Amino acid sequence: KTRVLTHRVAHLLSQGTVQPYQVLAVTFTNKAANEMKERLRELVGPDTARSLWVGTFHATCARMLRQHGESIGIDPRFAIYDTGEQLILIRRTLKDLNLDDQRFKPEAVHSAISNAKNELIDQRRYAQSAQGYFEETVAKVYSRYARALSANHAVDFDDLIMLTVGMLAEEQTVRDYYQGKFHHVLVDEYQDINFAQYRLIQLLVDRYRNLCV
């Protein structure tokens with residue numbers, strides 16, 4: 001599949017009607033992204049390959065947020081918290097709320113918040129739809145966790161995609177920029193995307209509708 005995508009990119013460029021910076025290719029893991037980059041360097045040359053947008057969903061969204069995140073109040077110098085840092089913050093939040101982290105396992109709370117973000121459900125919507133004691137408790141943690149991230153000028157991995165989708169959906173100028181920029185979008189391992197990633201792709205291809213998966 002990676003061979004098909006990389007050769008398609010090379011073919012598009014060979015036609016002379018598409019510029020390298022007009023192509024976006026995304027995949028899931030850093031390993032897969034690096035493999036795509038290496039294959040493209042061999043196919044189109046290092047200079048051309050450098051102008052392509054090739055990377056993971058998260059790296060691509062981080063790049064967009066650093067360039068245009070200020071339109072939705074995101075500090076372009078934001079930090080990205082890894083899973084360990086996220087769990088530390090959740091444990092601290094549980095403690096601040098006087099909740100027993102044996103009863104409410106940080107990993108389970110983290111998973112619930114992550115699943116919500118992958119469905120593009122922010123802390124307010126989650127609180128409104130929470131059912132049962134566990135979800136109501138997660139809603140309290142989610143709200144404080146989101147505030148703590150913001151206070152630290154930080155985002156987590158799921159925020160990268162959720163915030164980018166929000167930015168594209170809400171900010172027409174930014175949406176027009178990226179829809180105009182990317183004439184071709186290619187997605188590796190498309191069968192594994194979640195709703196947030198699907199919505200991201202949908203927003204990006206809405207103008208030219210050139211999508212290869």
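Brief remarks on what is shown
- Measuring nothing but protein heavy atoms, the accessible surface of region 12-129 at 1.4 Å probe radius is 45 percent carbon and sulfur.
- Inter-probe distance in nm under a simple model that places probes 7 Å from Cα toward Cβ, at residue 2 and residue 153: 3.6 nm
- Cut-off under 5 Å, modelled amide H: who pairs with residue 154 long-range: 79
- Candidate values (i) 19.0, 63; (ii) 27.3, 92; (iii) 41.3, 179, label of the one derived for Rg and Dmax of the Cα atoms in Å: (i)
- Entry comment: accessible area of the chain is 53 Å² per residue, from protein heavy atoms only and a probe of 1.4 Å.
- Taking all protein chains together, 38, 70 sort by accessible area into 70, 38, largest first [probe 1.4 Å].
- A full extension of the chain between residue 206 and residue 70 corresponds to an added length of 46.6 nm, given 0.36 nm per residue minus the alpha carbon distance.
- J(HN,Hα) series, region 182-189, from Karplus relation 6.51 cos²θ - 1.76 cosθ + 1.60, nearest Hz, glycine and proline x: 8, 7, 9, 10, 10, 10, 8, 6
- Amide H contacts of residue 53 (H built 1.01 Å from N, under 5 Å, at least 5 apart or other chain): 23, 25
- Karplus-derived 3J(HN,Hα), 6.51/-1.76/1.60, for each residue of region 134-139, Hz, glycine and proline x: 4, 5, 5, 5, 4, 4
- For the chain, the relative contact order works out to 26 percent when only alpha carbon pairs closer than 8 Å and six or more residues apart are counted.
The values are calculated or read from the model by the stated rules, or taken from the named source; none is laboratory data. These numbers come from a predicted model, not from an experiment. Here Cβ is always computed from backbone atoms with ideal geometry, including for glycine, and neighbour counts include all displayed protein chains. Calculation scope for accessible area: heavy atoms of the full protein, side chains included, ligands and nucleic acids excluded. Shrake-Rupley method; radii C 1.70, N 1.55, O 1.52, S 1.80 Å.
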